[in-house]
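Asks: Can you read through this structure? Questions will come right after.
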Amino acid sequence: MKPMTENLFTRVVATDSALALLALLREKHGPLLFYQPGGPNDCSTLMCYALGEFSAGSDEVYLDNLDGMPFYVEHEKFELWKRSQLTIDVVNDTGATDSLDHGTGKHFLTRSRLLSDEENKLLE
């Protein structure tokens, strides 16, 4: 997992396998961004787009950068996860057809963990 810097807490981190898939996709498509849509349940598919293919609107919240990529979350999902750190991982599956990970045999997955009181203070 990409470590957190000493003085700056990051809200989104990635496993080594996610960073490896990102590197492959970035080589093929150029700069990327992530968007975590909302939905009726907690397992909405994380979307990976080429930069410029997704336009954040008033319902999206910029959460953080992940390996130099902007990471956006739908507002409702942000409200659920605002006291969490997200870990982006990769699983074997097809994923969403309009996400760049589709067709690789893998797709990105978001895992969340609640922040400690100390970590929450770093976000304030």
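Just so you know, all these numbers are worked out from the coordinates, no wet-lab data involved. Keep in mind that this is a model prediction, so the values were computed, not measured. Quick reminder, even Gly has a Cβ in these numbers, built from the backbone with ideal geometry, and neighbours come from all protein chains shown.
Asks: Give me the angle, in degrees from 0 to 90, between the Cα long axis of helix 16-29 and the longest principal axis of the Cα atoms of the chain, rounded to the nearest 10.
Replies: 50
Asks: Also: Over the chain, what is the mean sequence separation of C-alpha contacts under 8 Å (at least six apart), divided by residue count, expressed as relative contact order in percent?
Replies: The value is 27 percent.
Asks: Now, a different point. Find out how many positive minus negative residues lie around THR45, taking Lys and Arg as positive, Asp and Glu as negative, among other residues whose Cβ is under 11 Å from that of THR45. It would help to have the intermediate numbers written out before the result.
Replies: Numbers: positive: none; negative: ASP93, ASP98, ASP101.
Counting the neighbours of THR45, the net charge comes to -3.
Asks: Mean residue ellipticity at 222 nm from the helices of the chain, using -39,500 (n - 2.57) per DSSP H segment of n ≥ 4 over the full residue count, to the nearest 500 deg cm²/dmol?
Replies: For the chain, the value works out to -6500 deg cm²/dmol.
Asks: Apply 1/(1 + (r/R0)^6) to the Cβ-Cβ distance of HIS29 and SER112, taking R0 = 22 Å, and write down the FRET efficiency to the nearest 0.05.
Replies: 0.25
Asks: What's the lysine pair count for the chain at a Cα cut-off below 29 Å, pairs eight or more apart or interchain?
Replies: Here the count comes out as 10.
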